[in-house]
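Worksheet for the structure shown next.
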Amino acid sequence: MNTLNNQTLLEHTKELRKWIEDAYERYQKGKSEEEYPAYDFYQDIQPAVIQFDKQMEQWLTASTHFIHQVKPKYLHQEQLEAVKNNGKEIVLQSYFGKLHPPHVKNLVESVIYTLNLLIEEIRKKRS
């Protein structure tokens, strides 16, 4: 799937935002417990990361295509690539909890901020 229509891209972006929010919630829950929960690599972690990567690749292709067409003032390809990299780190950390909470919080805020910018740009383009 090379490009998605704007409505589909909007839905994918919202799904991605929800995915990041859920991963952050899992991270915080794990950090608040005495011992970080033990997740099974093959049953829990690997499938989640594979699914995330697949969805992220589709999203990155479509969102890159969108910003090259629309040329929004405050949204650039580097930010979209950072969403991909930071998003994957957030998903991984939600299972392992190795990074310090302030760092994970900064990653989450950065990803959510960029996703919200993209959502705003898609909505502007639709109206």
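Quick look at the values:
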read-out: Candidate set from region 100-111 (those that are crowded, with 17+ Cβ neighbours inside 10 Å and in contact (Cβ under 8 Å) with a residue 60 or more places away in the chain); member that is nearest to residue 11 (Cα to Cα); value: 111
read-out: Where residue 26 falls short, out of the listed (1) of a type in the set (Lys, Arg); (2) under 22 Å from residue 120 (Cα atoms); (3) touching a residue at least 40 places away in the same chain (Cβ under 8 Å); value: (2)
read-out: Selection from region 74-106 of residues that are over 22 Å from residue 47 (Cβ atoms) and assigned to a helix (DSSP H, G or I); value: 77, 78, 79, 80, 81, 82, 101, 102, 103, 105, 106
read-out: Breaking point among (1) of a type outside the set (Asp, Glu); (2) more than 14 Å from the chain's Cα centre (by Cα); (3) over 15 Å from residue 109 (Cα atoms); (4) part of a helix (DSSP H, G or I), for residue 28; value: (3)
read-out: Hits in region 32-62 - residues which are charged (D, E, K, R), outside any loop (DSSP other than H, G, I, E, B) and farther than 29 Å from residue 117 by Cα; value: 44
read-out: Members of region 63-99 that are among the polar types (S, T, N, Q), touching an Asp or Glu at 6+ places or on another chain (Cβ under 9 Å) and either under 14 Å from residue 122 (Cβ atoms) or surrounded by fewer than 17 Cβ atoms within 10 Å (Cβ to Cβ) (or both); value: 64
read-out: Test for residue 19: is it assigned to a helix (DSSP H, G or I), of a type in the set (A, V, I, L, M, F, W, C), within 14 Å of residue 80 (Cα to Cα) and within 12 Å of the chain's Cα centre (by Cα); value: no
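A short reminder: the numbers here are calculations on the coordinates, not readings from a lab. Here the structure is a predicted model, which means the values were calculated and not measured. Glycine gets a Cβ as well: all are built from the backbone with ideal geometry, and neighbour counts include every protein chain shown.
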